[in-house]
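Notes follow once the structure below has been shown.
Rule-based calculations on the coordinates, nothing more; no lab input. Since the structure is predicted, the reported quantities are computational estimates derived from the model, not experimental observations. When we count neighbours, we look across all protein chains shown, and the Cβ atoms used for this are built from the backbone with ideal geometry, even at glycine.
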Amino acid sequence: MARKTHNPKDFGRVAVLAGGWSSERQVALWSGEGIHAALLGRGVDATLVDATPEIVLNLKSQGYDRVFNILHGTGGEDGTVQAALELQGIPYTGSGVLASALAMDKLRTKRMWKAEGLPTPDWLWIERESDLDEAAARFGFPLIIKPSEEGSSVGVSKVKSAAQLREAWQLARGEHGRVVMAERFVASRQPGHEFTCAILGGEALPTIRIVPDAEFYDYHAKYLSDNTRYECPSGLDAALEARVQAICLRAFEILGAKTWGRIDFMLDGDDQPWLIEANLVPGMTSHSLVPMAAKARGIDYASLCWAILEDTLGEGGG
């Protein structure tokens, strides 16, 4: 168990790893700036570090005692940076190597959840273009096409007809031929059936209902739009709220995740929850959802950052 501290000096020199080299670089910069300011305000000796692989591999030699990792996406969220920090013996925030790698891979995450009896929409690995026809036959329209190993809704499309399949597949693959999956679309009788559940210190925080300024919660709706609505508390009745919180906490634990993260899910027309994905280095921007859920629990932004960093005072690294 992590020991609790009220002395910022206990943390030593803290590198707030932000930016990075993934498609989510800009979001990670925004997140890092907020966290850095919050930690400085609490008296922590924190430095905002725009990460490169070379910088990450030399953090120990630069005199840093621990890391607040807020690198979203490739490198920072997939176990790569976690492994580099482990090798240097530097404690870091969030989940370890294995959980990070699993959660970043949506295909393997869904396989684990399904094997454990948790609800997640049916899916198909799109190994080649011809698999698109099978996905359409299996799921009908609309369906979701997305990369297996990206976050922030990068490369995600809601496909309404066969004519849109190839373009959506190409967008999901990107320039470097990413692994692509198709997923059954979870429909509901009304808008606002997308939800998220933040996890902090082994507890599920109040769920958030998302009513996007788009057909679904895409990159623009997440980070750029001022018209996407968030409802926290989400308005679910107490019994359903408790049920989905328990499912999300179990989904988090099955991956071996720790400290903090977020589980995204949808509710269908029968109020059945369907797990979509896990985010183990979620956003901490002005639009982000973990700070919103924490605020609903009475935890302000600076206290949230402190609590996440505080967990690094336990035994071992992240």
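Which residue, chosen from L118, L87, G155, occupies the Cα position most advanced towards the positive end of the dipole of the chain, where the dipole is computed from +1 (Lys, Arg) and -1 (Asp, Glu) charges on Cβ about the Cα centre?
The residue sitting farthest along the positive end of the dipole is L87.
Under 19 Å between alpha carbons, and skipping anything fewer than 8 positions from K9 in its own chain: which aspartates and glutamates qualify?
D45, D65, E310, D311, E315
Tell me, what are the semi-axes, in whole angstrom and largest first, of the equivalent ellipsoid of the stretch 1-132 as set by the roots of 5 times the Cα gyration tensor eigenvalues? Write down the numbers at each step before the final one.
Values: eigenvalues 208, 58, 39 Å².
They are 32, 17, 14 Å, listed from largest to smallest.
Tell me, what HN-Hα J-couplings in whole Hz come from the Karplus equation 6.51 cos²θ - 1.76 cosθ + 1.60 at θ = phi - 60° for each residue of the stretch 257-274, using x for Gly and Pro?
6, 8, 6, 7, x, 8, 10, 9, 8, 10, 10, 7, x, 9, 6, 8, x, 10
For the chain, give me every cysteine whose Cβ has no other Cys Cβ within less than 4.7 Å, ordered by residue number.
Cys with no partner Cβ under 4.7 Å: C232, C305.
With each label point set 7 Å from Cα along the Cα-Cβ vector, what nm distance links K295 and R13?
Modelled inter-label distance: 3.5 nm.
What FRET efficiency comes out for the pair H6/A163, r = Cβ-Cβ distance, R0 = 51 Å, nearest 0.05?
0.25
How about K106: which lysines have a C-alpha closer than 28 Å to its C-alpha, ignoring those fewer than 8 places off in the same chain?
Within reach: K114, K146, K158, K160, K222, K258.
If you put +1 on each Lys and Arg Cβ and -1 on each Asp and Glu Cβ, how big is the dipole of the chain around its Cα centre, in Debye rounded to 20?
340 debye
Have a look at V211, V180, A46 and report the one farthest towards the positive end of the charge dipole of the chain, computed about the Cα centre with Cβ charges (Lys/Arg +1, Asp/Glu -1).
Selected residue: A46.
Compute the separation of the alpha-carbon centres of the stretch 236-279 and the stretch 80-139 and state it in Å as a whole number.
16 Å
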